[in-house]
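Notes to accompany the following structure.
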Amino acid sequence: MKSKILIHLTSMIFITSIALLLIVFVNASKKTKTDTDNAFELKGLPDLSFVDFSSRFQKALALDAMNVFFPGQFDKNNLVITSLADKQDRAFRNKIQDSGNKEGLSLARLENISGMFFKFIAVYAIVMLLTYYGVQTIGAWRFCRKKNGSVSAKSSGCLFVNVIKKTILFSGSFLLFCPAYVIAYSLRTEINTDTVFFMIILCVISNGLLMVYSNKFYAFLIAESRKGYIDTAIVKNLNNSYTGNIAQGISFKAILNPVKQFKGHVFDNIFRNARFQYLSTIKEQASFLITGMIITEMALNLHGYYSYEMLRQMLYGNSNILIVMFLGIFYTVKATEIFTDILVYKENLKYENK
C-alpha cells in the first residue's frame, strides 16, 4: 500500500513541477514577445505612436516622413510602416477583445478560484456518494428481480399496465442516458438551472453515469452468483429465496438501505464480493463524472462555476491561471485514486483476516 501511495505522490510532484515550469515558460514568452514588439523602437526609429495608421492620409504622411529621414530605402521604410500599422491594429483589437480580462496570477484571483474549486469539489463528492449508493441499489434490485422472476400478466388490464410500465421505464432510461446540457436547456425556461442543487441532480441522472456503472455492478453480481461457493452456501442451508414478502427473502427496504446487509442470506456473500470488485471501478467512474461536470458547466455557461471560469480564462489566454485550474482537476482525480486504493486495501485486509 505504501508503494502505491508513493507512486501517487510522485506523480503529483512530477506534474506540479511541470506545471510550475510551464508558468515560468509562459511568463518568459510574454516578456520575449514584449521585447519583440518594441524592436523597432530599440533600433532608433522615430516615435510614431501618435500616428493613426488606420487613416490612409496619416499612413502615407508617415511613409513620406520616413523617406525624408531615411532616403534611398523606400522598400524598407514601407515595410516598417506596414509592420507598425499591423502592430497598432493588433494592439487595438486585443484591447477590445480582452476588455480588461487579461490578468496574471494574483492572490485575489487565487482566492476567487479557490471558492469555485471548493464548490466544484462539494458537488463532485455529493454526486459520487449518490451514484455509489444508486449503482449498488439499482444493481441489487435488478439482480433480485431477475432471481425472483417476472410475473406475466394474463388479463388485458394487466397487459395495459405492463405497457405503461415499459413506456415509463423506456422514458426513464432515455433520461438517464441523455446529456446533461440537453436536459438543462429543456428545463431552463421552467426552473432555475444555475443552482448547486440542480447541478447535483443533473450530474446524477444524466450522461449515462448511473446506468453504465449499475450495469457493471449487476454484471459483477451475476458473475458471483455463478461461482461454486454459492452452491456450497445453499447446501449449508443459507436462505436462497429472493421473494420480498417472506421473512427468508430480500425485502425492498433492505435493498434501499444505505448500508446494505443481508445476513443469513446467500445474497450477502454475492453482494459483498461484487462490491469489492466494484470498488476498483471508482477511479474510472470519477474520471467519467469529472468530465461530465466540466462539459455541463461549460455548455450551460454557469457563471461562478469552476469549469466555466476555466473556459473563460482559456478564451482570454490567461495561461498561468489556466494551468493552476488544471492542477486542481488533476489533484481531485489523484485524491480519488488514493482514496480508492485505501478502500480496496482495507477490504483486502478483511478477506485476508488481518
5 Å is the cut-off here: which amide hydrogens, built 1.01 Å from N in the peptide plane, fall below it relative to THR243, excluding neighbours closer than 5 in sequence?
ILE250
Magnitude of the Cβ-charge dipole (Lys and Arg +1, Asp and Glu -1) of the range 248-292 about the Cα centre, nearest 20 debye, reported as 140
For the residue pair PHE69 and SER251, what label-to-label distance in nm results when each label sits 7 Å from Cα along the Cα-to-beta-carbon direction?
9.3
Calculate, in nm to one decimal, what LEU6 and ASN301 gain on full extension: separation in residues at 0.36 nm each, minus their alpha carbon distance.
102.4 nm
How many nm is it between the label spots at LEU22 and LYS236, if each spot is 7 Å from the Cα in line with the beta carbon?
5.3
Non-local residues with an amide H under 5 Å from the amide H of ASN207, with H modelled 1.01 Å from N and Pro and chain starts lacking one, are CYS178, ALA180
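Quick check on packing: order 308-317, 6-15, 264-273 by the mean number of other C-beta atoms within 10 Å, highest mean leading. Let's see the in-between values first.
Details: 308-317: 17.5, 6-15: 12.4, 264-273: 20.3.
By packing density, highest mean first, the sequence is 264-273, 308-317, 6-15.
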Listed residue pairs exceeding 27 Å between alpha carbons, taken from LYS283/LYS350; LYS227/LYS346; LYS146/LYS350; LYS253/LYS334
LYS146/LYS350; LYS253/LYS334
For the range 291-296, take each phi angle, set θ = phi - 60°, evaluate the Karplus expression 6.51 cos²θ - 1.76 cosθ + 1.60, and give the result in whole Hz per residue in order, putting x for glycine and proline.
4, x, 5, 5, 4, 5
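Where Rh denotes the Kirkwood radius from the mean inverse Cα pair distance, what is Rg over Rh for the range 193-233? Let's see the in-between values first.
On the way: Rg = 17.0 Å, Rh = 12.6 Å.
Rounded to two decimals, Rg over Rh is 1.35.
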Label model pair ILE15, PHE118: point-to-point distance (7 angstrom along the Cα→beta-carbon line) in nm is 2.3
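Laboratory data are not the source of any read-out in this text; all were calculated from the coordinates shown. No experiment lies behind these values; they were computed from the predicted model shown. Note that we place each Cβ from the backbone using ideal geometry, even for glycine, and neighbour counts take in every protein chain shown.
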